[in-house]
Amino acid sequence: MTTVAVLGTGIMGAPMARHLADAGLDVRVWNRTFDKAQPLADEGATVCDSPAQALQGADFLLTVLADADAVAESVTRDDALAKASGDRSLVWVQASTVGISGTARLMRLADEAGVRYVDAPVLGTRAPAENGALTVLASGPEDLREACRPLFEAYGAKTIWLGEGDRATRLKLVMNSWVIALVTAAGEAIALADGLGLDPKRFLDTIEGGSLDVGYAHVKGTMMLEREFPPSFPVWGAAKDAGLIAEAAEAAGVHLPVAAGARSAMQRTVELDHPDEDLAAVWYALRAND
């Protein structure tokens, strides 16, 4: 039986691990906060006390953690990655959003440990993860494409294979720049309507069904209207990703004024003490002064 070590059981990692177990894989999970991983024991996974324990004898490593620092710390704790490689052909599927420099750093760790690395961030938030309907963006050695298929098909509805290297991370940054800008723009329109004395719902009603319509604007816009922000993509994560987008743009020599504004709004939302709410809570940073 194929064994998968999953490090990180948060909003995304827990349902991904659950789908892997449902697909008949031997799943071992670890999370920095043990209690977050514990419920997976009732769903067929083995809950481990350390990354090293999760990785012992594993065929695949799947990391779904907050950032590059968290990923690097987890796989190097007690030399877990180096010890796990041994004489087995361990494949590291890295699903966290860590940016271009973060990916390069993790690829070096994999190379030093003799582990094969697949760059595989996902598109989607809580609901797609829970429904096994994520879109997997993947890049890496061509001969690992088929080997990773059972994992990708367990938690994803679609896989886009992009070739060698870190192309998956690069596309993930492009996609997240669109998502973060879109939500911020929807928040601006709703805040402006409110500030001008209009019912903000008029904005969503007016774009509905027309060439300007975007389904995501309705999902996040409704959250703004109702002032309820259960997290699917938390603000802290959006702010972190916005920073990665800015870093990549600077390195590429690309000027992104919209992305810069969205990043500022997300950071402001964190400062207003809404880091764990959904990124639609950016409304707090945009609303008219009370």
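Details
- Of the beta bridges in the chain, as assigned by DSSP with both residues counted there, near 15 percent are antiparallel.
- Projected onto its three principal axes, the C-alpha set of the range 3-165 covers 36, 34, 26 Å, listed from the longest axis down.
- Estimated vicinal HN-Hα couplings, Hz - the range 5-12 in sequence order (Karplus 6.51, -1.76, 1.60; Gly, Pro = x): 9, 10, 9, x, 10, x, 3, 9
- In terms of the mean number of neighbouring beta-carbon atoms within 10 Å, the peptides 149-162, 197-210 order highest first as 149-162, 197-210.
- Ordering of 183-193, 99-109 by packing [mean C-beta count within 10 Å, highest first]: 183-193, 99-109
- Between the alpha-carbon centres of the range 189-240 and the range 46-76 there is a gap of 37 Å.
- Global geometry of the range 169-286, whether rounded, prolate or oblate, following the gyration tensor of its Cα atoms and the 1.5 cut on a/c: prolate
- Cross-link pairs beyond the 27 Å C-alpha cut-off, checked among Lys220/Lys240; Lys36/Lys240; Lys158/Lys220; Lys158/Lys201: Lys158/Lys201
- Both radii come from the Cα set of the chain: Rg as radius of gyration, Rh as Kirkwood radius; their ratio Rg/Rh reads 1.00.
- Over the residues of the chain, the helix contribution to mean residue ellipticity at 222 nm works out to -15500 deg cm²/dmol, using -39500 (n - 2.57) for each DSSP H run of at least 4.
- In Hz, Karplus ³J(HN,Hα) per residue of the range 36-42 (6.51, -1.76, 1.60; θ = phi - 60°; x = Gly, Pro): 5, 8, 3, x, 5, 5, 7
- In order along the range 221-237, the Karplus-derived 3J(HN,Hα) couplings, from 6.51 cos²θ - 1.76 cosθ + 1.60 at θ = phi - 60°, round to x, 5, 4, 5, 5, 8, 6, 10, 10, x, x, 10, 9, x, 4, 4, x Hz, and Gly and Pro are given as x.
- Averaging the sequence gap over all C-alpha pairs within less than 8 Å and six or more residues apart, then dividing by the number of residues, gives the chain a relative contact order of 14 percent.
Laboratory data are not the source of any read-out in this text; all were calculated from the coordinates shown. Computed from a predicted model, the values in this text were never measured in an experiment. Cβ sites come from the backbone with ideal geometry, for glycine too, and all protein chains shown count toward neighbours.
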